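This report concerns only the one structure given below.
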Amino acid sequence: MKKEEPKTITLTDGNAIKLFDKLNNTALEADDKGLFRGAVNMHLYLADILSDRKTRLKDIRDLFGVSLLETKSNANTGEDNDSTRDTPEESNSEDDGKNTEEPEADPKSNDSKKPKTKTGGRIPHTSYTGLNNVTFDYTHQFGTICPLCEDGKLYKYDDKVIIRLGDTNQYGSKVTIKQLRCNLCQEIFAKDYSEKYGDDKYSTSFKTRVVMNKYWLGVPFKRMEALYEMDGCPIPDATQWKLVDELSKVVEPVYKEIIRAASNADVIGLDDTSATILSRVEDLKTSDSNRTGTFTSGFVCKDLKKGIEMVLYFNGEKHAGENFADLLALRQVPEEDLVVMCDGLDNILPKALKAIICNCLAHGVRKFKDLLDAFRCECAHILIDLKEIYELDAKTKGMNGEDRLNFHKTHSKPILDDLLQWMKDQMDLKLVEGNSSLGKAIRYMIKRWAKLTRFCTTKNAPLDNNFVERILKIAIRTRKNAMFYKTSNGAYVGGMMMTIIETCRVNNINPTKYLNHLQSKPLEVGRNPENHLPWLYTEGKVVAKAS
């Protein structure tokens, strides 16, 4: 007989009497009438005893003559597993997103007789051997009267074990809570651990640590998984990504606000390097687009009025110039006073750009350093003059833009004028072959001379783009270790986290404390991200090292 899902029935004593009166007038046999009366009386009796707190589930089973079937897991282990079915946050294990099901055993093998166990993708608390062990003792003496129903007795119940990562010790704590259960009302008594250990398995500091390891140190998730496992704290790579993704949702409003603030900067330097995003690489191969690669674009944006710097990272198929165009679209102040530093490939910049363009002097220096062995006299002459320019610029640290410009006009410009004339003479008098490697290097300098020496004609113009190349080393370090991003979303999150961390660093803010701060008030950060920008977080300020 097919069992149908029962419907809710409201039955009172008055309704039962009316049913019995109708039953007497039916043609049913006496046995059938008795069965019907018994079912109605059983319904009324159950409704009555279930309203009593002292009623046990065992009493109801006995009433129906039902014995409790032994579960497969209990039959194998002889243990009661009811207490291990906790909420995800308080469970004895962790979902690592992997299938841990045992392969089917060979029926001919003796191993097939052994009981199979399934963890359901969870890691048992016994695997966390590297944590600080904490125990909460019983709240009452076992065998005493239950303080709730005052009739039953308290007996030992299975211990509850929770994992809290990131609070103390190297990784965290394994907390064991001793429990008692009343044999009558089934109420469980245990000490409250939430005030000290909270309800979340992973603390904010642990999530921050994973982010710093991945996007500052460049350690891949899989390598961290191996390290954690060796230390007795198994954290699968999928779980690490889940934690990073959760944190990214908290910091994303701040990330967008940093981009908006950076668009109004006074000085912007940009450059890019290669990056691999697997999903985009595959799409580009099958598309009709002329694009073939993906990049990491780095920006350093200086707001000289506020005395702050903002570092931006963008991962995707757009090169630095395209990302720069997107950044300028957010700009709310005129472009005419904007100073832009980039390498000699000016064609990557937006065509309608009205800003003051500077080229990197260090790129020119490197060309002559590479040719020093082949053209020692000529290259040495150029490098000695350019070295003197860098030494003079080091003396301008701490000067305002106007004083620095006047200093370079007075001291650097005469040296540069003589060097330019010397290089022109080398080419005009045919002292250097124009198609030689040295000739090409000199032509590179002469062609871009105005942009290479912009610091002698424009306030706040930097000498080179080294300050951008330095911040790109963070992305390059991650690329060399982790090799690639799997999806565009992973690349987006990576750029976001590196932006937050590096912006904190260049403004002498502790990024670990700052990320913990954002996680402590996620709703407020989401509503007013402009009030939680890194340079406004004074509690995380660190003392800058003397240069």
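This structure gives Cα extents along the principal axes in Å, computed directly, and of (1) 129, 56, 50; (2) 77, 59, 47; (3) 94, 55, 45 that value is listed as (1). Along the Cα-to-C-beta direction of residue 279, a point sits 7 Å from the Cα; which residues of the stretch 491-516 have their amide N less than 18 Å from that point? Label zone hits: 491-497.
Which entries in 174/486; 351/480; 387/480; 397/424; 201/222; 318/354 show an alpha-carbon gap greater than 24 Å? Checking Cα-Cα distances, 174/486; 351/480; 387/480; 397/424 exceed 24 Å. Gain on full extension, evaluated as 0.36 nm per residue between residue 450 and residue 256 minus their Cα-Cα distance, stands at 66.3 nm.
Annotation note: trypsin sites (Lys or Arg not before Pro) in the stretch 367-417 located in DSSP loop regions with a Cβ neighbour count of at most 16 within 10 Å are 395, 397.
Over all pairs of different C-alpha atoms in the stretch 432-547, the reciprocal of the mean inverse distance, the Kirkwood hydrodynamic radius, equals 18.2 Å. Between residue 192 and residue 238, the modelled label-to-label distance comes to 3.6 nm, taking each label 7 Å out from Cα in the direction of the beta carbon.
Rounded to the nearest 20 debye, the dipole magnitude of the stretch 169-226 is 340 debye, with +1 charges on Lys and Arg beta carbons, -1 on Asp and Glu beta carbons, and the Cα centre as origin.
Among the cysteines of the chain, those whose beta-carbon sits 4.7 Å or more from every other cysteine beta-carbon are 233, 301, 342, 358, 360, 377, 379, 456, 504. Contact order for the stretch 266-330, expressed relative to its length and based on alpha carbon pairs under 8 Å spaced 6+ residues apart, stands at 35 percent. From the alpha carbon centroid of the stretch 181-208 to that of the stretch 286-301 is 48 Å. Taking the charge dipole of the chain about its Cα centre, with +1 at Lys and Arg Cβ atoms and -1 at Asp and Glu Cβ atoms, the residue from 442, 220, 423 reaching farthest to the positive side is 423. Relative to a virtual label point 7 Å from the Cα of residue 16 in the Cα→beta-carbon direction, which members of the stretch 29-56 show backbone nitrogen distances below 11 Å? Inside the label zone: 37-49.
With only Cα atoms counted, the stretch 210-327 has Rg and Dmax values of 17.5, 50 Å. Three principal axis extents of the stretch 13-64 based on alpha-carbon atoms, in descending order, are 40, 22, 7 Å. With contacts taken as Cα pairs under 8 Å and at least 6 residues apart, the stretch 355-420 reaches a relative contact order of 27 percent. Karplus-derived 3J(HN,Hα) values for the stretch 232-239, using 6.51 cos²θ - 1.76 cosθ + 1.60 with θ = phi - 60°, are x, 9, x, 10, x, 4, 5, 5 Hz; glycine and proline are entered as x. Considering helices alone, the calculated mean residue ellipticity of the chain at 222 nm is -14000 deg cm²/dmol, with DSSP H runs of length four and up weighted by -39500 (n - 2.57) and normalised per residue.
In this simple spin-label approximation, residue 336 and residue 391 carry label points 7 Å from Cα along the Cα→Cβ vector, and these lie 4.0 nm apart.
Using the Cα centre of the chain as origin and beta-carbon charges of +1 (Lys, Arg) and -1 (Asp, Glu), tell me which of 254, 240, 182 is placed farthest towards the positive end of the dipole. Of the listed residues, the answer is 254. Output wanted: per-residue J couplings in Hz (rounded whole) for the stretch 397-411, from phi through Karplus 6.51 cos²θ - 1.76 cosθ + 1.60, θ = phi - 60°, x for Gly and Pro. Working through the residues one at a time gives 5, x, 7, 6, x, 5, 5, 5, 4, 5, 4, 5, 4, 7, 9 Hz.
Name the GluC sites (Glu not before Pro) in the stretch 323-430 that are in a loop by DSSP and that have at most 15 other C-beta atoms within 10 Å, would you? The qualifying sites are 335, 336. Sequentially through the stretch 245-255, phi angles give Karplus couplings (6.51, -1.76, 1.60; θ = phi - 60°) of 5, 4, 5, 4, 5, 6, 8, 4, x, 5, 4 Hz, Gly and Pro residues having no value and appearing as x. Remark: relative contact order (the stretch 127-274) = 21 percent; criterion is Cα-Cα distance under 8 angstrom and separation of 6 or more residues.
Taken as Cα centroids, the stretch 467-522 and the stretch 375-415 sit 34 Å apart, rounded to the nearest whole angstrom. With the Kirkwood sum run over all distinct C-alpha pairs, the stretch 298-414 has a hydrodynamic radius of 17.0 Å. Among the chymotrypsin sites (Phe, Trp or Tyr not before Pro) within the stretch 140-185, those in coil by DSSP and having at most 14 neighbouring Cβ atoms inside 10 Å are 142. The stretch between residue 443 and residue 425 holds 5.3 nm of extra length on full extension. This uses 0.36 nm per residue minus the Cα-Cα distance.
Rule-based calculations on the coordinates, nothing more; no lab input. Note that the coordinates shown come from a computational prediction; the quantities given were computed from them, not determined experimentally. Cβ atoms come from the backbone with ideal geometry, glycine included; neighbour counts cover every protein chain shown.
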